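Engineer: Below is a structure I'd like to ask you about.
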Amino acid sequence: MNIRKLLDSHVSQALQLAGVEAGTPALIKPSSRPEFGDYQANGIIGAAKKLNMNPRELASTVLNHLDLSAIAEKVEIAGPGFLNIYLDSRWLAQQAESALESESLGIHKTTTPQTVVIDYSSPNLAKEMHVGHLRSTIIGDAVARVLELLGDTVIRQNHVGDWGTQFGMLLTYMNELEGDTQSLSMQLADLEKFYQAAKQRFDSDADFARAARENVVKLQAGDPEFLKRWKQFIDISLQHCDEIYQRLNVLLTRDDVMPESAYNSALSQVVMDLDQAGLLIEDQGAKCVFLDQFKGKDNTIVPMIVQKSDGGYLYATTDLAALRYRYQQLGMTRGLYFIDARQSLHMQQVFAVGKQAGFVPENVQLEHMAFGTMMGEDGTPFKTRSGGTVKLVDLLDEAQQRAFVLVTEKNPQLDEATRHHIARVVGIGAVKYSDLSKNRTSDYRFNWDAMLSFEGNTAPYLQYAYTRIQSIFRKAGQFNPDIPLLFQEPAERQLALKLLQFSEAIESVAKDGAPNLLCNYLFELSGLFMHFYEVCPIIKAEEKIKHSRLKLSALTANTLQTGLGLLGIDVLETM
RNA sequence: GCGCUUGUAGCUCAACCGGAUAGAGCAUCGGCCUUCUAAGCCGAGGGUUGCAGGUUCGAUUCCUGCCAAGCGUGCCA
């Protein structure tokens, strides 16, 4: 049940009957203030203007054609020509009842399912995952889950970087440590340090650097010795990723890994096809594509270089190959790229060139879901005191540790294993939520305390609401769902209305690729529940009231669990 | 130079794509645990939405200019 859509179809119809051109939006929204009812229609004023009519008169005509008697208690004309809609409480109660029974919480599958390819996480395997990878990984994962729930076919693509020049350096350093197997495996346990050690050798030793460059060539020429070594390294690096994904409760597996190197054999064909399409221009020895839409005021075009003057290919070439693969082999109709905002120009070029060249048809929706760079607490690019980036593992360890201290303080009677379990769910949840709840395309500041906060608008707040409900059910005895839902206090009706808006939140996430909309919704829902919890006693209420309230609690719990589940965050029985 | 993004309360962020009196959290201050978990609830203070114009019934939102920040911009990814 999507109330907004339902009202939209009714009001749109009435608008047409009132003589307004078809397709004029009714602009239904939740009312901005309680005294304006539950929903408001904002579209009439604009429509009246087009027809050169008095908006209030048009509103009155629309009202005559509008039959909401089954849904709304009253509809009023207000202000310059808004319609304020007051939903019927009995209807609301019925909808809530059926949502509770429906198992899917009343969420309908989309009528136009798509094949959505989602490119997310995509770390560079030369290094260990750091805090900068958090956004792409968890936001992409949440959106993937939401689209799946709504019935799209979702294909995850972890476009890991496994083929850069850094690998020459890393493999050469592996060679050096070859004799000492123990040292090698130990060092590979911390890829970040390994990378830094290799880098230092590269910078300080000319012979090493030369060997590294030669080894890149050997690797790319398919030298079996280096290929073997490379595979070994990649495998270890992917193991690091798998561990992180598991801890983060992110659904990516090895099956979703489609590395850069997988496209190597397609690159020359990409360039040939661009040439065939008449898009290729050789300029200063490099093969480029110049598209007019990338021309600035200074009349110069930013080209996309697809082949270097030395014959080498670039990541633009790889991305074009991937784009074509996703359309031709995977059947993509919508492509979402959860990638750093700094690559904005690059993404626009890939999309534009891909369509121009006919690698994907015009009607495939390609969207760069950009996000800002993570900055340190001082506003400069994120660094630790020692100068390296913060490893994701360390952030997660810290989160769990802080959560463990807190749960031990609050609930010392719980056994240690339980407290560790709670600490894990709460700690990881807090880290994920602090990132998921923001949809800033601008850069943002990393803050330990904010990211590891367990109060206010955080995952633990939502998890806490859930455990409160579970606690009620443990104490309430038999729950009889046959007793009908009734609203005695305003808090109950408010909560029910919010519960019925779950699908509106979900659908907006699917449309915009913005999980923060779901976070907002869940936080508001929890807030309304907390209020309900304070003012509406449940267990000691008389039987009819008690079971009605248990019903609201059950639906709240289901919604929280499902909603958090879509964010990849678990719930708890106690905390 | 050109291009992209951003600028909202002391701090971190919302505001459902032009709607009615710009909302939360943190921090600060004041109340609430013999009653379902106080990781909670109730209340208070805090704003010229960077600045200046424009578009219209109506602008945080759209347009223009300026200021500030970040990023990108022909052979790294």
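The values are calculated or read from the model by the stated rules, or taken from the named source; none is laboratory data. Note that the structure is predicted; figures quoted are calculated from it, not measured. Quick reminder, even Gly has a Cβ in these numbers, built from the backbone with ideal geometry, and neighbours come from all protein chains shown. Side chains included, ligands, DNA and RNA excluded: accessible areas come from the protein's heavy atoms. Shrake-Rupley method; radii C 1.70, N 1.55, O 1.52, S 1.80 Å.
Engineer: At a Förster radius of 56 Å, what calculated FRET efficiency corresponds to the Cβ-Cβ distance of A:Gln413 and A:Asn52, to the nearest 0.05?
Structural biologist: Working from the Cβ atoms, E equals 0.20.
Engineer: Still on this model: Just to confirm the filter: which GluC sites (Glu not before Pro) across region A:475-517 are DSSP coil and have at most 12 other Cβ within 10 angstrom of their Cβ?
Structural biologist: Listed in order of number, the matching sites amount to none.
Engineer: For region A:212-311, what does the equivalent ellipsoid look like in terms of its semi-axes, each the square root of 5 times an eigenvalue of the Cα gyration tensor, given largest first in whole Å? Working shown, then result.
Structural biologist: Numbers: eigenvalues 243, 90, 33 Å².
Working through the eigenvalues yields semi-axes of 35, 21, 13 Å.
Engineer: Which of the three applies to region A:415-508, rounded, prolate or oblate, going by the alpha-carbon gyration tensor with a ≥ b ≥ c and a/c under 1.5 meaning rounded? Intermediate results must be reported in sequence, preceding the final value.
Structural biologist: Details: a/c = 2.99, a/b = 1.38, b/c = 2.16.
Taking the square roots of the gyration eigenvalues as a ≥ b ≥ c, region A:415-508 is oblate.
Engineer: Fully extended, how many nm does the chain gain between A:Ile281 and A:Gln94 (0.36 nm per residue separation, minus their Cα-Cα distance)?
Structural biologist: 60.8 nm
Engineer: Could you compute the FRET efficiency for A:Asn439 and A:His65, with r as their C-beta to C-beta distance and R0 at 41 Å, rounded to 0.05?
Structural biologist: Efficiency for this residue pair is about 0.60.
Engineer: Might you tell me the accessible area per residue for chain A, computed with a 1.4 Å probe and given in Å²?
Structural biologist: 47
Engineer: Among DSSP beta bridges whose residues both lie in chain A, state the antiparallel percentage, nearest 5.
Structural biologist: Details: 23 of 41 bridges.
If we restrict to bridges inside chain A, about 55 percent are antiparallel.
Engineer: If each of A:Lys74 and A:Ala476 carries a label point 7 Å out from its Cα toward its Cβ, how far apart are those two points in nm?
Structural biologist: In this crude label model, A:Lys74 to A:Ala476 measures out at 3.3 nm.
Engineer: Classify chain A from the C-alpha gyration tensor, please: rounded if a/c falls under 1.5, else prolate or oblate depending on whether a/b exceeds b/c.
Structural biologist: On the way: a/c = 2.73, a/b = 1.44, b/c = 1.89.
Note, shape of chain A comes out oblate.
Engineer: Going toward the positive end of the dipole of chain A, with +1 on Lys and Arg Cβ and -1 on Asp and Glu Cβ, which of A:Asn457, A:Leu567, A:Pro34 do you reach last?
Structural biologist: Result: A:Pro34.
Engineer: First measure r as the distance between the Cβ atoms of A:Ile539 and A:Asp512, then evaluate 1/(1 + (r/R0)^6) with R0 = 41 Å and state the FRET efficiency to the nearest 0.05.
Structural biologist: Working: r = 41 Å, r/R0 = 0.99.
That pair, A:Ile539 with A:Asp512, gives E of 0.50.
Engineer: Go through region A:274-286 residue by residue and turn each phi into a ³J(HN,Hα) via Karplus (6.51, -1.76, 1.60, θ = phi - 60°); whole Hz please, and just put x for glycine and proline.
Structural biologist: Once rounded to whole Hz, the list reads 5, 5, 4, 6, x, 9, 8, 10, 8, 9, 6, x, 9.
Engineer: If you count, for each residue, the other Cβ atoms within 10 Å and average over each peptide, how do A:139-147, A:294-302 line up from highest to lowest?
Structural biologist: A:139-147, A:294-302
Engineer: Where a ≥ b ≥ c are the square roots of the eigenvalues of the C-alpha gyration tensor, would you call region A:3-87 rounded, which needs a/c under 1.5, or, failing that, prolate if a/b is larger than b/c, or oblate?
Structural biologist: Values: a/c = 1.66, a/b = 1.35, b/c = 1.23.
Because a/c hits 1.5 or more and a/b exceeds b/c, region A:3-87 counts as prolate.
Engineer: With only Lys, Arg, Asp and Glu charged, each at its Cβ (+1 for the first two, -1 for the last two), find how big the charge dipole of chain A is about the Cα centre; round to the nearest 20 debye. Display every interim value, and only then the final one.
Structural biologist: Working: 56 positive and 70 negative charges, 181 e Å.
For this selection, approximately 860 debye.
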